[in-house]
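One structure is given here, and the rest of the page talks about it.
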Amino acid sequence: MDISFLHEYIVFSRSLNYAKAARELYLSEPTLRSHIRSLEAEIGVDLATKRADRIVLTPAGRFFLTKARELVENTEDVVEHTGCSAAIRLAAR
């Protein structure tokens, strides 16, 4: 699992808007959608769904969000306290 995809999912979850999150992340919207689909495929559940005219997190998506936050925070702690390589730093943004 790519830690940067987790970070992207966290950013997306704040607005539930692919275009807004993509701009914040300096990604194209199709790239962000692809990364979130990759996460969904890897864990085998839908993280978000469209209801009426808006996107909402699924129950699994809400649970996954809490775990994604923990993983990203833990990775940031490891980077900060061990001086890991630049590649890991970039992945933990």
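The values are calculated or read from the model by the stated rules, or taken from the named source; none is laboratory data. Owing to the predicted nature of the structure, the values given are computational and were not obtained by experimental measurement. Cβ: placed from backbone, ideal geometry, glycine included. Neighbour counts: every protein chain shown. Protein only, heavy atoms only, side chains kept; ligands, DNA and RNA dropped before computing areas. Shrake-Rupley method; radii C 1.70, N 1.55, O 1.52, S 1.80 Å.
Numbers at a glance
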quantity: Value at 222 nm in deg cm²/dmol, rounded to 500, when DSSP H runs of n ≥ 4 in the chain each add -39,500 (n - 2.57); calculated: -22500 deg cm²/dmol
quantity: Surface share of carbon and sulfur [accessible, 1.4 angstrom probe, percent] for the chain; calculated: 53
quantity: The chain - accessible surface per residue (Å², probe 1.4 Å); calculated: 62
quantity: Assigned charges on the beta-carbon of Lys, Arg, Asp, Glu; the chain dipole about Cα centre (debye); calculated: 420
quantity: FRET efficiency, 1/(1 + (r/R0)^6) with R0 30 Å, evaluated for residue 55 and residue 76 via beta carbons; calculated: 0.65
quantity: 3J(HN,Hα) from dihedral phi, segment 53-63, Karplus parametrisation 6.51/-1.76/1.60, rounded to Hz, x for glycine, proline; calculated: 10, 9, 9, 10, 6, 6, x, 5, x, 5, 5
quantity: Using alpha-carbon coordinates, inclination of helix 3-15 to the longest axis of the chain, degrees; calculated: 40
